[in-house]
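**Q** There's a structure below that I have some questions on.
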Amino acid sequence: MTVMTRIRALAGLAVAAGALAVSNAWAADLKVGFITSLSGPVSSLGIPYDKGIKAAQAYKSEVGGRKVQLIALDDASDPSTAARNARKLIEEDKVDVIIGTAGAPGSLAIAGVARETRTPLISIANADLPGEEGAWMVTLPQPAPLMMSAMVEKMKQAGVKSVAYIGYSDAWGDLVYDALSKAAPAAGIKVVSNERYARSDSSVAGQVLKIVALRPDAVITGASGTPGALPYLALTERGYKGKIYGMHSLINPDFIRVGGPSVDGLLAPTGPVVVAEQLPDTNPMKKIALDFRAAFQKANGAPPTDTFSAYSFDAWLIYLDAAQRALATKAEPGTPQFRLALRDAIVSTKELVGTHSVYNFKPDNRYGSDDRSRVVVRLDKGQWKLVP
């Protein structure tokens, strides 16, 4: 081989290698931005969410032969930081979707960035924006009215005639109170209070004194995580003997640890995953719920003991399913065209079986859950038991 022939051959190899590199770069990895609260007052929820996304990665981390890259950030329980994180993930890291965050205020802040940048948001906190404001988001936790109706039904069965409410002074507190104020009167139950407190408060003694003075048959809260135990602790200190109810936002080990005997006997609605082993084999969510538990054990070295980690897992399942369909449009990850195709795929998800629900989304419906997504559980000596 002459020197010139060798040069031409080497040049050809270089061109081929360059073409392959360009091809591989073009067939880009899929990028997911994940935001949660690893610190601050919402961290008792944010840490389980983080463990759930790790379980999801252990379960499956590719779509159509493309690796799914996860970029995770801590928002420190601050909505402003959550919004900044979302902007960074979208504009600098070029993610195609955001999954997050641990609190409703933070998720609503991210939703504003998602709408502006036309990037899909899968909210793992219970946040809702109507109309065009929420056109780029879906919400996984079951809506407050769906879960509240189960609690009001149980109150009616127990002969409750009056119920007091105490919840967070934020979007989640508003959602729960609105659901209660609409469902209770129809069941012949009077709502006698609307007390509020901040997630960062260390005492609710004043609010609970007002509630106890009203002598309600029952108390229900619109709170979550560790701070969600405060009303029950204060009720016990004041000698309250009525019935206690909660929402699905309370189901995590820190709530049980902090609440102790004060929360024993609490009734709450939740997704089926919390009592997966107690479900009948006919339940469509039982298999994937048990698969989630196995993946969680593999990723975190311990079994799950909360409801929140499973929302992260379900968000990942929804994303994988939608990404597969978005890729079929031939739009490439990292482009506006792919983000649009991904959003359209997410909001048209049909009968996707997750751990909490069989998800069905529509463009004008942020929530994808129905009656199959709820069961009622009772806290019995630190363990959640399925209530028939």
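The values are calculated or read from the model by the stated rules, or taken from the named source; none is laboratory data. Bear in mind that the values here come from a model prediction, so they are computed numbers and not experimental data. Cβ: placed from backbone, ideal geometry, glycine included. Neighbour counts: every protein chain shown. Quick note on the areas: whole protein, heavy atoms, side chains included, nothing else; ligands and nucleic acids left out. Shrake-Rupley method; radii C 1.70, N 1.55, O 1.52, S 1.80 Å.
**Q** Using a Gaussian network for the chain with springs between C-alpha atoms less than 10 Å apart, which of these wobbles most: 260, 40, 301?
**A** Per the Cα network of the chain with a 10 Å cutoff, 301 tops the list.
**Q** Here's something else I'd like to know. Given the C-alpha centroids of the stretch 27-91 and the stretch 96-117, what is the distance between them in whole angstrom?
**A** 11 Å
**Q** Could I ask something else about it? Relative contact order of the stretch 293-388: what whole-number percent is it, with Cα pairs under 8 angstrom and at least 6 residues apart?
**A** Across the stretch 293-388, relative contact order equals 16 percent.
**Q** Further, regarding this structure: With a Förster radius of 45 Å, plug the Cβ-Cβ distance of residue 93 and residue 181 into 1/(1 + (r/R0)^6) and report the FRET value to the nearest 0.05.
**A** Numbers: r = 42 Å, r/R0 = 0.93.
It comes to 0.60.
**Q** Next question. Provide the net charge surrounding residue 320, with neighbours chosen by a C-beta distance below 13 Å and charges set as Lys +1, Arg +1, Asp -1, Glu -1.
**A** 0
**Q** Output needed: percent of Cα pairs per 10 Å distance bin for the stretch 198-333, bins running from 0 to the one holding the longest distance.
**A** All Cα pairs, binned at 10 Å, distribute as 11, 32, 26, 19, 9, 3, 0 percent.
**Q** Give the cross-link partners of residue 51 among the lysines, using a straight C-alpha distance below 29 Å as the criterion and excluding same-chain residues fewer than 8 apart.
**A** 31, 60, 67, 88, 94, 286, 287, 298, 350, 362, 381, 385
**Q** Across the stretch 107-114, in residue order, what do the Karplus-derived ³J(HN,Hα) couplings come to in whole Hz, using 6.51 cos²θ - 1.76 cosθ + 1.60 with θ = phi - 60° and x for Gly and Pro?
**A** Each residue's phi maps through the Karplus curve to give 5, 5, 5, 5, 4, x, 5, 4 Hz.
**Q** Averaged per residue, what accessible area in Å² does the stretch 239-337 show with a 1.4 Å probe, protein chains only?
**A** Heavy-atom accessible area per residue stands at 38 Å².
**Q** Below 15 angstrom from the Cβ of residue 90, what's the summed charge of the other residues (Lys, Arg +1; Asp, Glu -1)?
**A** +3
**Q** Something else about it: Could you run the Karplus curve 6.51 cos²θ - 1.76 cosθ + 1.60 with θ = phi - 60° over the stretch 192-207 and give me ³J(HN,Hα) per residue in whole Hz, x for Gly and Pro?
**A** Per residue, the Karplus-derived 3J(HN,Hα) values read 9, 8, 9, 8, 9, 8, 7, 4, 8, 5, 9, 8, 10, 4, x, 5 Hz.
**Q** Something else: Per residue of the stretch 302-309, in order, report the coupling 6.51 cos²θ - 1.76 cosθ + 1.60 (Karplus, θ = phi - 60°) as ³J(HN,Hα) in whole Hz, putting x for Gly and Pro.
**A** 7, x, x, 10, 9, 9, 6, 4
**Q** Taking amide H positions as placed in the peptide plane 1.01 Å from N, state which residues far from residue 190 in sequence (5 or more) or on other chains have amide H under 5 Å from it.
**A** For residue 190, the qualifying residues are 162, 163.
**Q** Related question: In nm, give the distance between the simple-model label positions of residue 278 and residue 29, each being 7 Å from the Cα along the Cα-to-Cβ direction.
**A** 4.1 nm
**Q** Within the accessible area of the stretch 132-230, what % is carbon and sulfur when the probe is 1.4 Å and the other protein chains stay in place?
**A** With neighbouring chains kept in place, the figure for the stretch 132-230 is 51 percent.
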